[in-house]
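Okay, structure first, notes after.
The values are calculated or read from the model by the stated rules, or taken from the named source; none is laboratory data. Everything numeric in this text was worked out from a predicted model, so none of it was measured. Cβ coordinates were reconstructed from backbone atoms using ideal geometry, including for glycine residues, and neighbour counts include every protein chain displayed. Areas reflect the complete protein model, heavy atoms only, side chains present, ligands, DNA and RNA absent. Shrake-Rupley method; radii C 1.70, N 1.55, O 1.52, S 1.80 Å.
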Amino acid sequence: MNPASRRPLVAGNWKMHGSRADAACLINELVARGVGTGSSEAVVCPPFVHLEEARRRLEGSRIGLGAQDACAEEQGGYTGEVSAAMLADAGCRYVIVGHSERRALYAESDDLVARKFLAAGRHALVPILCVGESLAERERDATRTVILRQLDAVLGAAGVPAFGRAVVAYEPVWAIGTGLTASPAQAQEVHALIRGRIAENDATIAASLRVLYGGSVKAANAAELFAMPDVDGGLIGGASLKADEFAAICAAADR
Ligand code: PEP
């Protein structure tokens, strides 16, 4: 169990799923189930086009709103992109940056992820910085190197104070959408590594930094993962699309 100073956070990454009506229905169900009313914090990250619908439906609830990505630039000729300022204006408080699907499918570099992290901060959004190793990297014993490289790129660009209002999500690529989950011990080892790196720069910020685990979290395995001392909640993909599963995961994060 993480210390009381770190309020657990469970964020749902809906990815590219569902119609506006589906988004409305899912949010209504989450609100009806009392998601967000426990001691942990709950956030949903719908696709961009459903943010306005989500914002309206979430009004008066305790569930926060986030986005799945943001452009690193402020404005201009970036066809198809959405800026951090637009996300803040749309009612978002959180934004995911550096998700492994964006790194792998859209060739997002560590440098670009760092610039997205900075853009989020400029508009008072809380970045959820994703880091994680592939299966090949784990098998050749490169997990530590990869995680620290991804983290250091952002630390170098933004400085440690920026982590005072950021969240880090450890998402092993081999566990995302595969049904394979890191064991609680494997997750704890990497979470401690992440917190340790931040502590080398600022122990106070490290102690209050929330580090989420993501990768095939479901109601059945959430409690054992969240019981680890450096696991402060989860970033949830597939299971966040099912109201009962997401509600149960949020409940598992409550103290
Ligand atoms: C994710 O996409 O961030 C994720 C963790 O997905 P899943 O829970 O489906 O593995």
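Quick notes on this one:
- For peptides 229-241, 22-34, sequence by mean Cβ density within 10 Å, most packed first: 229-241, 22-34
- Sites ASP244 and ARG56, calculated FRET efficiency, Cβ-Cβ separation with R0 30 Å, nearest 0.05: 0.80
- In this structure the range 9-254 gives 41 Å² per residue of accessible area when probed at 1.4 Å with all protein chains present.
- Each residue of the range 32-45 was assigned a 3J(HN,Hα) from its phi angle through the Karplus expression (A = 6.51, B = -1.76, C = 1.60, θ = phi - 60°), giving 4, 7, x, 4, x, 8, x, 7, 8, 9, 10, 9, 10, 10 Hz with x at Gly and Pro.
- As a ratio to 2.2 N^0.38 Å, the alpha-carbon radius of gyration computed for the chain takes the value 0.93.
- Cα-projected label distance for GLU224 with ALA207, points at 7 Å along beta-carbon direction, nm: 3.2 nm
- Summed side-chain charge close to PRO184 - residues other than PRO184 whose Cβ falls under 15 Å, Lys, Arg +1, Asp, Glu -1: -3
- For the chain: relative contact order, % (alpha-carbon pairs under 8 angstrom, 6 or more apart): 24 percent
- Ranking of MET86, MET228, MET16 by solvent-accessible surface, largest first: MET16, MET86, MET228 (1.4 Å probe, protein heavy atoms only, all chains present).
- Here the label points at ALA199 and ASP254, each 7 Å from Cα along the C-beta direction, are separated by 3.1 nm in the simple model.
- Put a dot 7 Å past the Cα of LEU148, heading toward its Cβ, do the same for LEU135, and the two dots end up 2.7 nm apart.
- Relative packing of 63-70, 204-211, 135-142, 41-48, which averages over residues the other C-beta atoms within 10 Å, highest first: 41-48, 63-70, 204-211, 135-142
- Net charge dipole, the range 9-254: roughly 280 debye, given to the nearest 20, about the Cα centre with Cβ charges of +1 for Lys and Arg and -1 for Asp and Glu.
- With the helix formula -39500 (n - 2.57) applied to DSSP H stretches of n ≥ 4, the chain reaches a computed 222 nm mean residue ellipticity of -12500 deg cm²/dmol.
- For ALA153, neighbours were defined as the other residues whose beta-carbon sits under 14 Å from its Cβ, and their charges (Lys and Arg +1, Asp and Glu -1) total +1.
- Measuring r between the beta carbons of ALA157 and ALA90 and using R0 = 25 Å, the FRET efficiency lands at 0.50.
- Each Lys or Arg adds one and each Asp or Glu takes one away; over the other residues whose Cβ falls under 15 Å from the Cβ of ALA21, this sums to -1.
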